[in-house]
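Supplied in structure tokens, the structure appears directly below.
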């Protein structure tokens, strides 16, 4: 009887840990994707700069019209090609909530722009990114909302 109870408790303990482990794997994959994108952007590597975003991307930035994947990619490539200034990004994740093949990431992007004058302008952009797991298993941003910090 003791063995049966012990086995039941052990199985229950293992099974309750599985979703958390899956969430942890998803969170790591999302953090890694954001870090990879940031590294590529800061290195001005345009070859994979659009890989973070899903083909069905829709995004809103306060005061701007809704945009899509094509607009995002062309804007990023244009920005990386502009050698008149240096632009770098970093991010601070506040929260990741994973549910099946979707995840919400609340974060703050910080951009630093240095023009020819040498002056650095820093902007913080809080936002909410909706990631979807793609058919190939990667996590990509499908929707996001962002705005400048007050």
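The values are calculated or read from the model by the stated rules, or taken from the named source; none is laboratory data. Computed from a predicted structure; not experimentally measured. Cβ placement follows ideal geometry from the backbone for every residue including glycine, while neighbour counts extend to all protein chains displayed.
Take the conditions closer than 24 Å to residue 150 by Cβ and free of Cβ contacts under 8 Å to residues at least 12 places away in the same chain and apply them to residue 122. Does it pass? Please lay out each step first, then the result.
Working: closer than 24 Å to residue 150 by Cβ: yes; free of Cβ contacts under 8 Å to residues at least 12 places away in the same chain: no.
Against the criterion (closer than 24 Å to residue 150 by Cβ and free of Cβ contacts under 8 Å to residues at least 12 places away in the same chain), residue 122 does not qualify.
Could you tell me which residue of the range 90-106 is surrounded by the fewest Cβ atoms within 10 Å (Cβ to Cβ), considering only residues that are touching a strand residue (DSSP E or B) at 6+ places or on another chain (Cβ under 6 Å) and within 15 Å of residue 32 (Cβ to Cβ)? Steps first, answer last, please.
Just the residues of the range 90-106 that are touching a strand residue (DSSP E or B) at 6+ places or on another chain (Cβ under 6 Å), to begin with: 90-97, 101-106.
Pick out the ones that are also within 15 Å of residue 32 (Cβ to Cβ) and you get 91, 93, 96, 103, 105.
On the way: 91: 18, 93: 14, 96: 20, 103: 21, 105: 24.
The qualifying residue surrounded by the fewest Cβ atoms within 10 Å (Cβ to Cβ) is 93.
Can you find a residue that is in contact (Cβ under 8 Å) with a residue 40 or more places away in the chain and either loosely packed, with under 12 Cβ neighbours inside 10 Å or under 26 Å from residue 65 (Cα atoms) (or both) anywhere in the range 108-117? Break it down stepwise before answering.
Narrowing the range 108-117 to residues in contact (Cβ under 8 Å) with a residue 40 or more places away in the chain: 108.
Now drop any that are not either loosely packed, with under 12 Cβ neighbours inside 10 Å or under 26 Å from residue 65 (Cα atoms) (or both), which leaves 108.
Yes, because at least one residue in the range 108-117 is in contact (Cβ under 8 Å) with a residue 40 or more places away in the chain and either loosely packed, with under 12 Cβ neighbours inside 10 Å or under 26 Å from residue 65 (Cα atoms) (or both).
Looking at (1) under 24 Å from residue 28 (Cβ atoms); (2) not in a strand (DSSP E or B), which is the only condition residue 80 fails?
Evaluating residue 80 over (1) under 24 Å from residue 28 (Cβ atoms); (2) not in a strand (DSSP E or B) leaves (1) as the failure.
When residues of the range 69-89 are filtered for being within 19 Å of residue 121 (Cα to Cα) and surrounded by 14 or more Cβ atoms within 10 Å (Cβ to Cβ), how many remain?
7
Residues in the range 111-150 that are farther than 19 Å from residue 73 by Cβ, in a loop (DSSP other than H, G, I, E, B) and at pLDDT 95 or above: how many?
Residues in the range 111-150 being farther than 19 Å from residue 73 by Cβ, in a loop (DSSP other than H, G, I, E, B) and at pLDDT 95 or above: 2 in total.
While we're here: Within the range 48-77, can you find the residues that are without any contact (Cβ under 8 Å) to a residue 40 or more places away in the chain, assigned to a loop (DSSP other than H, G, I, E, B) and on the phi < 0 side of the Ramachandran plot? Let's see the steps before the verdict.
Residues of the range 48-77 without any contact (Cβ under 8 Å) to a residue 40 or more places away in the chain: 48-50, 55, 63-77.
Adding the requirement that they be assigned to a loop (DSSP other than H, G, I, E, B) leaves 49-50, 63-66.
Matches in the range 48-77: 49, 50, 64, 65, 66.
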